[in-house]
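Working notes for the structure below.
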Amino acid sequence: MKQKTIYTLIILSLILIPLLTMSEFRLSLLSKFLVFSIVAISVNLLWGYTGILSLGHGVYFALGGYAMAMYMKLQSQPLPDFMEWSGIEVLPWFWAPFKYFPSTLAMIIILPVALALLVGIPLFKSGTKGVYFTIISQAITLIMSILFVGSQGFTGGSNGITGFDGLFGLTLHDPILIKILYLLVVAILIGIYFLSKFMLNSHGGTIIQAIRDRETRLRFLGYKTDSFKIITLATSAAICGIAGALFVPIVGIISPSIMSILMSTEFVIWVAIGGRATLLGPIVGAILINYAKTSFSESMPEYWWYFYGFLFIAATIIVPKGIVGTLLEKKWFNNTFNKLKNE
């Protein structure tokens, strides 16, 4: 019990030290990395534990982001400027729910989940799996990106939605709002981590891991594996949408580039390098890779993508189970981790 208290104090210190020591810019950057950690958890839930590789999670992330951006835009302008430029004089009906914060919070989850169900139900019910699902998820990402770019008057087109006055009466550059967003992101990340842990330790969690390892045998035992896959995809999409909503006030913009195939591929790379099918792996991978990306792009921008490619290849060859997955195979680390977990 005493050791648990010590570990809790260490975790609280790690949370509070950046809050007290970092500049607003660096704290905002850290908040963005933690948002990406939430995305990585959602991807890992589907890929690492269920065995379904999606290269379309950028869409779910963007839908949550657009929902929050629409709310923030309407708080500053009753009719967004890009609509006026396109000759639209009346706010479209589907923008109306985003005038209010409670309905916006609902849409942040409803929109990604609705798309996930629209994609997952017909695909999984028809038996689509493996690389076929991955290819279709890419195609959907491309379609949605083209749709958002082409709908200039409704979505801001390729420029996306920006020009927000602020949130909750505070400007986006207000130090108080930056600190509030940091604490909010930390709280949601911790909550989603423990929610994922609870789900994976439940009977349903055992089933989805069995789907990854032996789906045919599970079907033979009478389980409707397609239903479990649909639920997991919807849950993963909801988590991704929440991350997208947190991303917008931190960065100050959302655009169709966020839902690109490249962005979705980056999500997968974070999970692979951090450690697929581990709870901490996606968090470690997202923070380390984005920190390295920021550092290298600041000092050597022309070489960053070469380093990124090398890092992914090296990680695949040297640590195929990711950083955390490889560490868990080490006896000394595993014993320490299990001792910490059981105390």
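Numbers for the structure displayed
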| item | result |
| --- | --- |
| Local electrostatic count at Ile211 - Lys and Arg +1, Asp and Glu -1, tallied over other residues with Cβ under 11 Å | +4 |
| Per-residue [θ]222 nm for the chain (sum of -39500 (n - 2.57) over DSSP H runs n ≥ 4, rounded to 500) | -25500 deg cm²/dmol |
| Distance (nanometres) between label positions extended 7 Å along Cα→Cβ at Phe94 and Thr206 | 4.3 |
| Cα-based shape type of the chain, given that a ≥ b ≥ c are square roots of the gyration tensor eigenvalues and the cut on a/c is 1.5 | oblate |
| Ranked by how many other beta carbons lie within 10 Å on average, peptides 215-227, 39-51 from highest | 39-51, 215-227 |
| For region 303-332 versus region 59-89, the gap between their alpha-carbon centres in whole angstrom | 40 |
| Percentage relative contact order, the chain, counting C-alpha pairs under 8 Å, at least six apart | 32 |
| Links that overshoot a 29 Å alpha carbon limit, given the list Lys99/Lys129; Lys125/Lys321; Lys99/Lys293; Lys197/Lys224; Lys99/Lys224 | Lys99/Lys129; Lys125/Lys321; Lys99/Lys293; Lys99/Lys224 |
| Three-way shape label, region 28-139, alpha-carbon gyration tensor, a/c 1.5 | prolate |
| Choice from Gly285, Gly163, Gly87 showing the highest fluctuation, given a GNM over the chain with Cα pairs closer than 10 Å | Gly87 |
| Cα-based shape type of region 143-270, given that a ≥ b ≥ c are square roots of the gyration tensor eigenvalues and the cut on a/c is 1.5 | oblate |
| Proxy reagent accessibility, fewest Cβ within 10 Å first, across Glu302, Glu84, Glu266, Glu24 | Glu302, Glu84, Glu24, Glu266 |
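Bear in mind these aren't lab numbers, they're just calculated from the coordinates by the rules spelled out. Remember, predicted model here, so these are calculated numbers, not experimental data. Here Cβ is always computed from backbone atoms with ideal geometry, including for glycine, and neighbour counts include all displayed protein chains.
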